[in-house]
Amino acid sequence: MNFDAIIDSLPLYVSGTWVTLQLLLLSCGIGLAMALPLAMLRSLPMVWLSWPIWLFTYVMRGTPMLVQLFLLYYGLAQFEVVRASPFWPWLSSPWFCAVTAFALNTCAYTTEILHGAMKAVPAGEIEAAKALGMSRWVMLRRIVLPSAFRRALPAYGNEVVLMLHGTALASVVTLLDLTGAARQMNSNYYLPYEAFVTAAVFYAAITAVLVALFRAAEARWLKPLLPRS
Amino acid sequence: MLHGYGASLLEGALLTLSVAFMSLAVAMVLGLAGAVAKLSRSRPLQWLAGAYTTLIRAVPDLVMMLLVFYGGQMLINQIGEKLGWEFIDVNPYVAGVLTIGFIFGAYLTEVLRGAFMAVPRGQREAALAYGMNPRQVMVRVVGPQMLRHALPGLSNVWLVMIKSTAIVSVIGLSDMMSRAGQAAGATREPFLFYVAAAVIYLAFTSVSELGFKLLQKRFAIGVKQVSL
């Protein structure tokens, strides 16, 4: 292990960590914000509404995120209309494409997670809410969503960790995230072990923090729903 | 429609499938070993398997792959230098298969361990009481039931794995993704070729999902079904 080279490259890794965290927070935030209404619509008993949403999540979950990223970043440039449009400065930036691709991808998974959690709400609770005369919206807000959020926590925690790993793909479209930093260091010093092991340590640290956060959240919000051990 | 690149894309798709199947074989071996280690009474083995699964779940697959590809290259040549071999180029196929197998072996460890624990103890005990030896207990009684409990997890791991193979294009293997990239570069129609790649991936995952559903039905014969 050549520690001097690692110490020399630390600023690179720190800025890479910052980029990775930004990508993660933005894509998970946007993905969750879009997934919430989609999951609600997907849970309604109207097929013409839930079917297109199912199709969207099916396609997003059935194809690799790398393909989705390439479609946005390289694919859209094929069309003259896109290149002439006012959105082109955004669509030609790797940062924007990466965030969009990641957000859409995590949105699909999150929609399914939330939908599953909403289906898991016991039928009796919903019947009770209806019997009390709650409208659909009030029932969602007071009964279904609070307990669905709790039930979704473990699966959503997994999804966030997987998204952290997914953001490594940003380095393929030239972004200098944590993996990009490691590739840069490898090409500067030709020290593959040092470069990638350092990145792995950074990722492991971020993962540990995320897991701890979700554990704390589960202890706070999911525990009341679980049987006493 | 694909400007004559259809055949090349299909060749890439075959390579993608072969990477996926070879990785599954590696992952199965590692997963079984990991599950046996986790279920064993030996503390060091438990610790080792625990470290393996924790480490894999903490590091992105792309970083792992770059580490194995570039780092493995260096390691092999350092060993080779001492032993007087000639320069060896690490094959991206081998590096890709080993890395993906190594990563998903960790996930399979958890799947198989869970499946083993889901088989009621009484089944093993009854089989032993009949005088079966441990191998017979595994092959005749525990194994088939384990498979049923493992199927949902196995199907999940396989679907994620087949999509993960897309990253082998980053270390220079000419799988479907890099074929699509080449065709896109030559024809300047990237959208067309990445959509084609996406459709093929979707076909792979859809067929797999269907197959696993049928298998699950087959293995659930004789299991009491209840509905709400």
(message) Between helix B:92-118 and chain B, what is the angle of the helix's C-alpha long axis to the longest principal axis, kept within 0 to 90° and rounded to the nearest 10?
(response) 20 degrees
(request) With an 8 Å cut-off on Cα pairs and a minimum separation of 6 or more residues, tell me the relative contact order of segment A:3-225 in percent. (result) 29 percent
(request) Enter the angle in degrees (range 0 to 90, nearest 10) between the Cα long axis of helix B:72-83 and the first principal axis of the Cα atoms of chain B, meaning the one along which they spread out most. (result) 90 degrees
(message) If you filter segment A:190-229 for chymotrypsin sites (Phe, Trp or Tyr not before Pro), then keep DSSP loop positions with at most 12 other Cβ within 10 Å, what is left?
(response) A:Tyr190
(message) Tell me the mean residue ellipticity at 222 nm calculated for the protein assembly as shown from its helices only (DSSP H runs of n ≥ 4, each -39500 (n - 2.57), averaged over every residue, nearest 500).
(response) -25000 deg cm²/dmol
(message) Starting from a Cα-only point model with no solvent, please compute log10 I(q)/I(0) by Debye for segment B:121-226 at q = 0.10, 0.12, 0.17, 0.22 1/Å.
(response) -0.51, -0.62, -0.86, -1.12
(request) State the three equivalent ellipsoid semi-axes of chain B, derived from the C-alpha gyration tensor as the square roots of 5 times its eigenvalues, in descending order and whole Å. (result) 37, 26, 13
(request) For B:Lys213, go through the lysines and keep the ones whose alpha-carbon is under 28 Å away, minus same-chain ones fewer than eight residues off. (result) A:Lys119, B:Lys163, B:Lys224
(request) Quote to one decimal, in nm, the extra length available between B:Glu11 and B:Gln78 on full extension: 0.36 nm per residue of separation minus the C-alpha distance between them. (result) 20.6 nm
(request) For chain B, find the longest principal axis of its Cα atoms and tell me its angle to the long axis of helix B:176-187, 0 to 90°, nearest 10. (result) 20 degrees
(request) Mind jotting down the distance between the C-alpha centroids of segment A:7-24 and segment B:35-93, whole Å? (result) 25 Å
(message) Could you check the spin-label model distance between B:Thr54 and A:Leu21? Points 7 Å from the Cα along Cα→Cβ, value in nm.
(response) 2.3 nm
(request) Please report the relative contact order for segment B:122-198, taking Cα pairs under 8 Å with a sequence separation of at least 6, and give it as a percent rounded to a whole number. (result) 15 percent
(request) Filter the GluC sites (Glu not before Pro) in segment B:54-124 to those in DSSP coil with at most 11 other Cβ atoms within 10 Å of their Cβ, and list the result. (result) B:Glu86
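Would you work out the Kirkwood radius for segment A:104-229? I mean one over the mean of 1/r across all pairs of different Cα atoms, in Å.
17.4 Å
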(message) Need one value for A:56-65: mean number of C-beta atoms belonging to other chains within 10 Å of its residues' C-beta atoms.
(response) 6
(request) Kindly point out which whole DSSP H helices in chain A project their C-alpha atoms 18 angstrom or further along the helix axis while averaging a Kyte-Doolittle hydropathy of 0.0 or above. (result) A:3-43, A:47-62, A:94-119, A:145-166, A:192-217
(request) Might you report the magnitude of the Cβ-based charge dipole of segment A:3-225 about its Cα centre, with Lys and Arg at +1 and Asp and Glu at -1, to the nearest 20 debye? (result) 1000 debye
(request) Mind pulling the per residue volume of the convex hull built on the Cα atoms of segment B:56-184? Å³ is fine. (result) 155 Å³
(message) Just to be sure I understand the curve: with the Debye formula and one point per C-alpha of segment B:14-62, what is log10 I(q)/I(0) at q = 0.29 Å⁻¹?
(response) -1.02
(message) Can you tell me, using C-alpha contacts under 8 Å and at least 6 residues apart, the relative contact order of chain B as a whole percent?
(response) 28 percent
(request) Over the whole of A:191-203, what's the average partner chain Cβ count within 10 Å per residue? Rounded to a whole number, please. (result) 5
(request) Sorted from largest down, give the three principal axis spans of the alpha carbons of segment A:1-119, whole angstrom values. (result) 61, 41, 22
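Within segment B:196-228, which trypsin sites (Lys or Arg not before Pro) sit in a loop by DSSP and count at most 12 neighbouring Cβ atoms inside 10 Å?
Hits after loop and neighbour filter: B:Lys224.
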(message) Cα atoms only: what Rg and Dmax, in Å, come out for chain A?
(response) 21.1, 70
(request) Mind pulling up the Rg/Rh value for the protein assembly as shown? Radius of gyration and Kirkwood radius, both on Cα. (result) 0.98
(message) What is the distance in Å between the Cα centroid of segment A:38-116 and that of segment A:186-226?
(response) 26 Å
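Throughout, read-outs are computed from the coordinates displayed, never taken from laboratory work. These numbers were taken from a predicted model, which means no experiment stands behind them. All Cβ positions, glycine included, derive from the backbone under ideal geometry; neighbour counts span all protein chains shown.
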